[in-house]
1. Could you list, in sequence order, all residues of region 22-41 that are outside any helix (DSSP H, G or I) and within 18 Å of Phe102 (Cα to Cα)?
2. Scanning for something surrounded by fewer than 14 Cβ atoms within 10 Å (Cβ to Cβ), in contact with a helix residue (DSSP H, G or I) (Cβ under 9 Å, 6 or more places away or on another chain) and at pLDDT 95 or above, does region 101-122 turn up at least one residue?
3. Please enumerate the residues belonging to region 86-105 that are more than 12 Å from the chain's Cα centre (by Cα) and under 28 Å from Lys41 (Cβ atoms).
4. Take the residues in region 53-79 that are within 12 Å of the chain's Cα centre (by Cα) and among the hydroxyl-bearing types (Ser, Thr, Tyr); name whichever of them is surrounded by the most Cβ atoms within 10 Å (Cβ to Cβ).
5. Of all residues in region 1-56, how many are among the acidic types (Asp, Glu) and modelled with pLDDT under 95?
6. Just for region 130-156: of the residues that are within 17 Å of Ala118 (Cβ to Cβ) and among the acidic types (Asp, Glu), which one is surrounded by the most Cβ atoms within 10 Å (Cβ to Cβ)?
7. Answer yes or no as to whether Arg53 is free of Cβ contacts under 8 Å to residues at least 24 places away in the same chain, of a type outside the set (Asp, Glu) and within 21 Å of Gly113 (Cα to Cα).
8. Does Asp15 satisfy the criteria of being surrounded by fewer than 17 Cβ atoms within 10 Å (Cβ to Cβ), out of contact with any His (no Cβ under 9 Å at 6 or more places or on another chain) and touching a residue at least 24 places away in the same chain (Cβ under 8 Å)?
Amino acid sequence: MKIMDFLSKKAIAADLKSAKKEDVIKELVDVLLESEGLEKKCRNKLVEQLMAREALGSTAIGQGVGIPHTKSECVNKLVASFGLSQKGVDFDSLDGENVYIFFLLIAPIDSAGPHLKALARISRLLKDKYFRDSLKECKDEKSILKIISQEDEKKI
């Protein structure tokens, strides 16, 4: 599975403005709604579902990475948005560090396989320090897209 299979080229934000967990999630949901043409009425529901998932345990996995995710009836296929915070956000990370790199994933209610494969794929890629550092250095959406696409081609 490739990241570009579920991450739209338009669902990338190179400079998240939010400084709080819930605000980052709202910002990432907005990027997703815009790029995927999802109904605006889904916004609050998705934010609620993502925050409910965060209440179970932080999706910030350490090393500056957060992968907020949930399942929702608002989508009929696996979708994602990507965000980069230049300043870093306190996201209750497992290692206590701020989060700079965010992948937000939303899967249909009845899909376990693709959802888990996508989480595993993203986690595996983001274990690579060079990949993380390359993403953190990006200043625009185009360079983020280039780096993710190049990684997709390398590691299948």
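1. The answer is none; no residue qualifies.
2. Among the residues of region 101-122, not one is surrounded by fewer than 14 Cβ atoms within 10 Å (Cβ to Cβ), in contact with a helix residue (DSSP H, G or I) (Cβ under 9 Å, 6 or more places away or on another chain) and at pLDDT 95 or above, which makes the answer no.
3. Residues satisfying the conditions are Val89, Phe91.
4. Among them, the one singled out is Thr59.
5. 4
6. Here the residue is Glu151.
7. In short, yes.
8. yes
The values are calculated or read from the model by the stated rules, or taken from the named source; none is laboratory data. Note that the structure is predicted; figures quoted are calculated from it, not measured. Here the Cβ is made from the backbone with ideal geometry for all residues, glycine too, and neighbour counts use every protein chain on show.
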